[in-house]
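Take a look at the structure set out below.
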Amino acid sequence: MKINKPGPLNGLRVLDLAGPIGLYCTKQLAEMGADVVKIEPPGGDPTRNIGPFVHGEINPEKSLYFFYYNTNKRSITLNLETEKGREIFKKLVKSADIVVETYHPGYLEKLGLGYDNLRTINRGLIMTSITGFGQNGPYCDYQWSDLVGLAMGGIMILSGFPDDPPNYVGGYQAYNLAGTNGAIGTLMALCYRDANGEGQHVDVSMQEAVVPASEISIPSYAARKIIRRRSGRQVYRGWNELFPCKDGFIMCSPFGAAGWRKVLAWVESEGMAADLTTDNYTTLLDLMANVQMDRQPTGQKSGAKSLAGRDADIAHIEEVWEKFLMTHTKQELFEKCQAMNVRLMPIYNAADQMHDPQLLSRDWFTPVEHPELGETITYGGPPYRFSETPWRITKRSPFLGEHNQDVYEKELGLSSEDLIGLEKDGVV
């Protein structure tokens, strides 16, 4: 990765008014080289109080959550509820390319800072609004959370075991999907502005961003009136793909689907194949492989239907397979099966990821110095690579109001006395 060149968004200014639902959007823009100015209320953004914290010390300047989502950004404080604060924001808008905001629909309009107001100041401005349900519709004013996005986006109903309630999916996935689509929409609006010179309002609904992640659920219902259900360890074909092994879990169809003969030979070489080399089971394994590969088995009307009544035999195959897996680590299984061109994947935890040879070879992990903490913290790397305009993290997340002087005095031309007065008035 070339690190001596600016990022692809170098030279663009982003005003960041995003809460949790939009933080991943502005993080991506910042790490692509945009100058992202995070605008916080004078008391600090509430996300500074989200844990975990460095060394477990609860401190708004030590939130690992805040650290992660705000690398490469600058921070200023500004109270938009004050008239002076709104005047200053409008001055900032004059030189901005993008505003990302996550307030409830209508809030900024009430302050005179809606898109229609701001575009009179800056015709090329792009405003990206990321909310739970979008800017209109019967739910647009409803409260939202990451859990709401997962529930109403159709992900929770697919997560978990059939007899259990729907499961929460960790890692703020709904928020991150909304943020990712917010970044994509913003970049598309930039492309349009480059071609036509006009900014626009980008309206992102978390619910609409999450629904596509449920994959074929909607087409299945629309075409066949089938509601997909939670399947636990089972895939829709009727057998398991997730299995425990010696030091964790792996993901693989029984004996690797089309590669089952190679894997069965390996299992047999270690004396653990039991009776699976008999015709009864080899015929079934071949049939299962055909269904896995979406091929219609010879002499069968339907591959899936031909498995009907074979549940006990499939369960036996899985039992033998699982006993074998418990004698090997996930890395041993992964490397052996890949060498046989069989698809088997280890299920990683964070420690596995940080020691993964593939990620290490591509220098994916990014150490970032936090001088004030006397530490270097490792962050994840880029979701994309550019040959000429590199992605990179250049600096840690900002302290509250760390860049007030740079922005207000050096860029807007306010005096130090002006800034002190604004602080006393609660404007910054």
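In the stretch 180-195 there is no residue that is in the same structural domain as His104 (by TED's automatic domain parsing) and touching a Pro at 6+ places or on another chain (Cβ under 8 Å). Within the stretch 200-223, being under 20 Å from the mean Cα position of the chain (by Cα), at pLDDT 85 or above and farther than 13 Å from Met152 by Cβ holds for Val202, Asp203, Val204, Pro212. Scanning the stretch 7-23 for residues that are within 15 Å of the chain's Cα centre (by Cα) and farther than 16 Å from Met127 by Cα returns a single hit, Pro20. Per the listing Glu81, Glu61, the residue uniquely more than 22 Å from the chain's Cα centre (by Cα), of a type in the set (Asp, Glu), surrounded by 15 or more Cβ atoms within 10 Å (Cβ to Cβ) and part of a loop (DSSP other than H, G, I, E, B) is Glu61. Within the stretch 315-331, the residues that satisfy the criterion of being of a type outside the set (A, V, I, L, M, F, W, C) and not in a helix (DSSP H, G or I) are Thr327, His328, Thr329. From the list Ile347, Ile377, the one residue that fits, being farther than 30 Å from Glu83 by Cα, modelled with pLDDT of 95 or more, outside the structural domain of Tyr69 (by TED's automatic domain parsing) and not small (Gly, Ala, Ser), is Ile347. Among the residues of the stretch 339-387 satisfying the criterion of being surrounded by 11 or more Cβ atoms within 10 Å (Cβ to Cβ) and polar (S, T, N, Q), which is nearest to Ser63 (Cα to Cα)? The residue in question is Thr376. Kindly indicate the residue of the stretch 131-167 that is out of contact with any Lys or Arg (no Cβ under 8 Å at 6 or more places or on another chain) and small (Gly, Ala, Ser) and also surrounded by the most Cβ atoms within 10 Å (Cβ to Cβ) among those meeting that condition. Step by step, filter the stretch 131-167, then rank; the result is Gly149.
For the stretch 382-428, taking the residues that are small (Gly, Ala, Ser) and under 20 Å from Pro41 (Cβ atoms), the one that is farthest from the chain's Cα centre (by Cα) is identified as Gly421. Selection over the stretch 84-120 of residues that are out of contact with any Leu (no Cβ under 8 Å at 6 or more places or on another chain), under 21 Å from Ala34 (Cα atoms) and not in a helix (DSSP H, G or I) gives a count of 1. Looking for something part of a helix (DSSP H, G or I), touching a residue at least 40 places away in the same chain (Cβ under 8 Å) and in contact with a Ser or Thr (Cβ under 9 Å, 6 or more places away or on another chain) - is there at least one such residue anywhere in the stretch 229-244? No, the stretch 229-244 contains no residue that is part of a helix (DSSP H, G or I), touching a residue at least 40 places away in the same chain (Cβ under 8 Å) and in contact with a Ser or Thr (Cβ under 9 Å, 6 or more places away or on another chain).
Listed here are the residues, each with its yes/no results for (1) modelled with pLDDT of 95 or more; (2) in contact with an Asp or Glu (Cβ under 8 Å, 6 or more places away or on another chain); (3) at negative phi; (4) not assigned by TED's automatic domain parsing to the domain that holds Asp35.
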| site | (1), (2), (3), (4) |
| --- | --- |
| Asp97 | yes, no, yes, no |
| Leu108 | yes, yes, yes, no |
| Leu111 | yes, yes, yes, no |
| Gly114 | yes, no, yes, no |
| Gly124 | yes, yes, yes, no |
| Gly132 | yes, no, yes, no |
| Gln135 | yes, yes, yes, no |
| Leu147 | yes, no, yes, no |
| Ile155 | no, no, yes, no |
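The values are calculated or read from the model by the stated rules, or taken from the named source; none is laboratory data. Because the structure is a prediction, the values reported are computed rather than measured. All Cβ positions, glycine included, derive from the backbone under ideal geometry; neighbour counts span all protein chains shown.
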